1. Quick check on LEU69: is it open to solvent by 100 Å² or more (accessible area, probe 1.4 Å) and at pLDDT 85 or above?
2. Based on what the data block shows, is LYS91 at pLDDT below 85 and part of a helix (DSSP H, G or I)?
3. Filter the stretch 94-116 down to the residues that are in a helix (DSSP H, G or I) and of a type in the set (Gly, Ala, Ser) and list them by number.
4. Just one of the numbered conditions (1) surrounded by 10 or more Cβ atoms within 10 Å (Cβ to Cβ); (2) within 38 Å of the chain's Cα centre (by Cα) is not true of PHE6; which one?
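The values are calculated or read from the model by the stated rules, or taken from the named source; none is laboratory data. What you are looking at is a predicted structure, and each value in this text was computed from that prediction instead of being measured. Neighbour counts are summed over all protein chains in view; Cβ atoms, including those assigned to glycine, are modelled from backbone coordinates with ideal geometry. Heavy atoms of the whole protein, side chains included, go into the accessibility calculation; ligands, DNA and RNA do not. Shrake-Rupley method; radii C 1.70, N 1.55, O 1.52, S 1.80 Å.
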Amino acid sequence: RSSEPFPDEPRARENQVDLRLLDGVADFLENFVIQLRLPKGAIESAKRSLEEGRGKKKKLKQLLPILALLQLKIQSLIPVFLGIIAFAAVKGLMLAKAALLASGLILLKKLLSKND
């Protein structure tokens, strides 16, 4: 079956490749035995790691209310910061308009004055 040429159509070719790969993996798993050998201390190390992880979960549960209050405080300060930014933007816009008006008045004054 592996000597058969692939079809020219992309989807059919992709399906054919998938089928061949699946068949190869299935044949490998049927014909071979997989054994895992762990070091002697690996099981105790895994148990210790699980116990330490569970201890960290308890600490996280204790910190959860503090983190929630911190998030609430940050969320309450966001509108204040946005207000400050908006105030600075409006102030900059007003200063820009004032500068444009002043330069326009100076230009008008120079155009209307007599050239002596």
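1. Considered against the rule, which asks whether it is open to solvent by 100 Å² or more (accessible area, probe 1.4 Å) and at pLDDT 85 or above, LEU69 comes out as yes.
2. No; evaluated as a whole, the condition is false for this residue.
3. Correct list: ALA96, ALA98, ALA99, ALA102, SER103, GLY104.
4. The failed condition is (2).
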